[in-house]
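K.L.:
Structure provided below as structure tokens; questions to follow.
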Protein chains: 2
Amino acid sequence: MLIKDIGEQGLLTILQKFCPAEIVGDDCAVMATNPNQSLAVTTDMLVDGVHFSDRTTGPYGAGWRAAAANLSDLAAMGARPLGVTVALAVRADTAVLWVEEFYRGMTACLQEYHTPIVGGDVVRSPVVTVAITAFGEVECDRTISRSNGRSGWAIVATGVHGASRAGLELLLNPEFGQNLEKGDRASLILAHQRPKPRLDVLPVVWEILDSEGVLIAGMDSSDGLADAIIQICRASGVGAKVDRQKIPIPNIMSEIVSTEKALDWALYGGEDFELVLFLPMANAELLVEKIGNGAAIVGIATENTDIWLTDSSGIYPDIVLKIDRGFQHF
Amino acid sequence: MLIKDIGEQGLLTILQKFCPAEIVGDDCAVMATNPNQSLAVTTDMLVDGVHFSDRTTGPYGAGWRAAAANLSDLAAMGARPLGVTVALAVRADTAVLWVEEFYRGMTACLQEYHTPIVGGDVVRSPVVTVAITAFGEVECDRTISRSNGRSGWAIVATGVHGASRAGLELLLNPEFGQNLEKGDRASLILAHQRPKPRLDVLPVVWEILDSEGVLIAGMDSSDGLADAIIQICRASGVGAKVDRQKIPIPNIMSEIVSTEKALDWALYGGEDFELVLFLPMANAELLVEKIGNGAAIVGIATENTDIWLTDSSGIYPDIVLKIDRGFQHF
């Protein structure tokens, strides 16, 4: 039996047998290190030609995105970054400049969030491969997990979705979006090449929540907004009604794709690296107001575990929100 | 300019510019997380055909060795393991059984040291690649670092060296060691396939040292005994006299190779995963007695920064101990 016969989910099911069930299954592993604090750890592996390509991003952008993805996983747990380790496999004929640019991009992103590279490994391989492990600290009473959602709570997206996917299309397809102004074009490409992990959202969340002692649910939208909502609902044992009219999509998208396509990219495009949070409605309203910049309440968690995409404008019928448009590794 | 033009050391010099100098350069990164404790983190990347091969070890052994190498790095810092993350890249046509056996081997080793796999990533790649990151806790007054060595201190090897290299030769070369008894043959192969990280040494070290408040130097011998001694001397600004008669080599080696070859394998073979410690002579004598099983004082640190291989039997002249027989990645 080969990996392609069982697929990614089949492989994950096998591997999870080797891990403690209570730790695995969120954006980060979280382990109590003392009575009030936990260590949050996350790891990502990136393979040349699979996860990055000089055609769309270049080494600086690949480095930035790799750092951003890991910091975003820490943000999704409510964790303050402590550092990252970087394991790098290069070919003997890899250009030194490629490696330097990759590290420049990675450290440029890390430095915005005061996070050092604290260690690593360098090896030889036929395929350039990077594994980044990020670790951070989180107060136990501030840990954000996928399973904390409750019915009646608001579902918040901390910013616009679909921009990263649009930027990727601009990079891949020279015919696409030729009517865009230069600045708008650049901003969409930047959304793809220089995503920003939303660590900045955490202090705002604590300011709103700390006096209430409530543990909220969340995850990042790196695999798409739909995926994040569905994963949180499953882990929390709730359903959701998500209003397609409330999903924050950059205005500029209407100039390049249909409304339906823009919604598709917002739900399934992935790599926007926003946070998707489930929290009490009154807190959510305050949070969205304080964050601004496209942050929105996109729906509500329900006791019924079905997950619906509804339409408050009454044009489209309700449909079940599906996960299977997301990126499949195998 | 390509990686092969600058070599591993050239590449490391470039990458270290991107990391804080005070953190990088030991077996683990160590970061203070509270006044008395630090977090120790280490990462290793393993590539199919470069670091493991079904020809010599098989997936179970490769998994065991990967776990052992990371736990050994924690032991070399004086750290208690908290957990590991595993990032795995597999081909679509990798056998599921290979992955399961790798994880079985890895967890078998980890469980001996009560260390869980707490997270990871699974991706697709043309080359099977594994990145393991291990993290642990270390008391600040127990941190073992490469730079703590002082002249006059004893140099301790916690066990025999060369067995792993002999086991590898038995696996690679069917003509070799045919005169060995079955049990001896198996024990050398086991030294290569199932090395044991010396976390068991740490409680003995603390028992001997805790009342003295002395910070000792050390590293593991995964890249060879000579490499470990030289790295510690360089980081500590001391030299050494290492007595070739004191280097612990399994008796059985004399049946299969010359004395000179056995010494070469002990010094440069690598992957014995013992600890090499620099500590005050009286403490060292007690430590070696308590550990037993081949543990030995192999030399003494000197103020003069030259590193000599001496001979207390008077047969061989003193020679300078060199690092350049070790494994070169590029």
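K.L.:
For the stretch B:144-320, rounded, prolate or oblate, judged on the Cα gyration tensor with a ≥ b ≥ c (square roots of eigenvalues), a/c < 1.5 rounded, else prolate if a/b > b/c?
P.N.:
Prolate, since a/c reaches 1.5 and a/b exceeds b/c.
K.L.:
A further question follows. Quick one: which residues, 5 or more positions from A:Gly224 or on another chain, have an amide H under 5 Å from its amide H? H modelled 1.01 Å from N in the peptide plane, none for Pro or chain starts.
P.N.:
A:Gly270, A:Glu271, A:Asp272
K.L.:
Another one. So, with +1 on the Cβ of K and R and -1 on the Cβ of D and E, and no other charges, what is the size of the charge dipole of chain B about its Cα centre, to the nearest 20 debye?
P.N.:
So the magnitude is around 340 debye.
K.L.:
In debye, nearest 20: dipole of the stretch A:88-239 around its Cα centre with unit charges on the Cβ of K, R (+) and D, E (-)?
P.N.:
It works out to roughly 320 debye.
K.L.:
Separate question: Quick check on the exposure proxy: order B:Tyr316, A:Tyr60 from fewest to most C-beta atoms within 10 angstrom.
P.N.:
Exposure proxy ranking, most exposed first: B:Tyr316, A:Tyr60.
K.L.:
Using the 10 angstrom Cβ neighbour count as an exposure proxy, how do B:Ile6, A:Ile229 rank, fewest first?
P.N.:
Taking fewest neighbouring Cβ atoms as first place, the list is B:Ile6, A:Ile229.
K.L.:
What is the order of A:Ile323, A:Ile315, A:Ile216, fewest Cβ neighbours within 10 Å to most?
P.N.:
A:Ile315, A:Ile323, A:Ile216
K.L.:
Run the label-point distances for B:Tyr316 please: 7 Å along Cα to Cβ, every other copy, nanometres, shortest first.
P.N.:
For B:Tyr316, the inter-copy label distances come out at 7.6 nm.
K.L.:
Say R0 is 22 Å: what FRET efficiency, to the nearest 0.05, do A:Ile323 and A:Val50 get from their beta-carbon distance?
P.N.:
That pair, A:Ile323 with A:Val50, gives E of 0.60.
K.L.:
Same structure again: With +1 on each Lys and Arg Cβ and -1 on each Asp and Glu Cβ, how big is the dipole of the protein assembly as shown about its Cα centre, in debye rounded to the nearest 20?
P.N.:
520
K.L.:
Add -39500 (n - 2.57) for each DSSP H run of 4 or more in chain A, then divide by its residues: what number comes out at 222 nm, to the nearest 500 deg cm²/dmol?
P.N.:
-11000 deg cm²/dmol
K.L.:
Sticking with this one: For chain B, compute Rg over Rh where Rg is the Cα radius of gyration and Rh is the Kirkwood radius from the inverse mean 1/r over Cα pairs.
P.N.:
0.96
K.L.:
Restricting to the protein assembly as shown, what percent of DSSP beta bridges are antiparallel, rounded to 5?
P.N.:
Just about 75 percent of them are antiparallel.
K.L.:
So the label point sits 7 Å from Cα along the Cα-to-Cβ vector; using that for B:Ala282, what distances do you get to the other copies, in nanometres, sorted shortest first?
P.N.:
6.8
K.L.:
Which one of B:Pro250, B:Gly224, B:Gly10 has its Cα pushed farthest toward the positive end of the charge dipole of chain B, where Lys and Arg give +1 and Asp and Glu give -1 at the Cβ?
P.N.:
B:Gly10
K.L.:
Something else about it: Of B:Ala157, B:Leu46, B:Phe278, which is farthest towards the positive pole of chain B's charge dipole, taken about the Cα centre with +1 and -1 on the beta-carbons of Lys, Arg and Asp, Glu respectively?
P.N.:
B:Leu46
K.L.:
Something else now. Just grab the label-to-label distance for B:Asp200 and B:Asp311, each label 7 Å out from Cα along the Cβ direction, in nm (one decimal).
P.N.:
Between B:Asp200 and B:Asp311, the simple spin-label model gives 3.5 nm.
K.L.:
Oh, and also: Put a point 7 Å out from Cα along the line to Cβ at B:Gln111; what are the distances to that point in the other copies, in nm, shortest first?
P.N.:
Listed shortest first, these distances are 4.7 nm.
K.L.:
Now a separate question. Grab the other residues whose beta carbon is less than 13 angstrom from that of A:Cys233, score K and R as +1, D and E as -1, and report the net.
P.N.:
Charge balance in the 13 Å sphere: +2.
K.L.:
Separate question: Please find the FRET efficiency linking A:Glu303 to B:Asn179, where r is the Cβ-Cβ separation and R0 is fixed at 56 Å, and quote it to the nearest 0.05.
P.N.:
FRET efficiency, A:Glu303 to B:Asn179: 0.15.
K.L.:
Follow-up. Determine the distance separating the Cα centre of the stretch A:246-265 from the Cα centre of the stretch B:169-218; give it in Å without decimals.
P.N.:
Centre-to-centre distance over Cα atoms comes out at 61 Å.
K.L.:
Let me ask something else about it. If the elastic network links every pair of Cα atoms under 10 Å, which of A:Arg234, A:Arg91, A:Arg150 fluctuates the most in the Gaussian network model of chain A?
P.N.:
Among A:Arg234, A:Arg91, A:Arg150, the largest GNM mean-square fluctuation belongs to A:Arg91.
K.L.:
Which residue, chosen from A:Thr85, A:Val320, A:Thr129, occupies the Cα position most advanced towards the positive end of the dipole of chain A, where the dipole is computed from +1 (Lys, Arg) and -1 (Asp, Glu) charges on Cβ about the Cα centre?
P.N.:
A:Thr129
K.L.:
In chain A, which longest range has no GluC sites (Glu not before Pro) that are both DSSP loop (not H, G, I, E or B) and surrounded by at most 16 other Cβ atoms within 10 Å?
P.N.:
A:23-174
FYI, it's all coordinate maths here, none of it is from the lab. Everything quoted here is computed from the prediction, not taken from an experiment. Note that we place each Cβ from the backbone using ideal geometry, even for glycine, and neighbour counts take in every protein chain shown.
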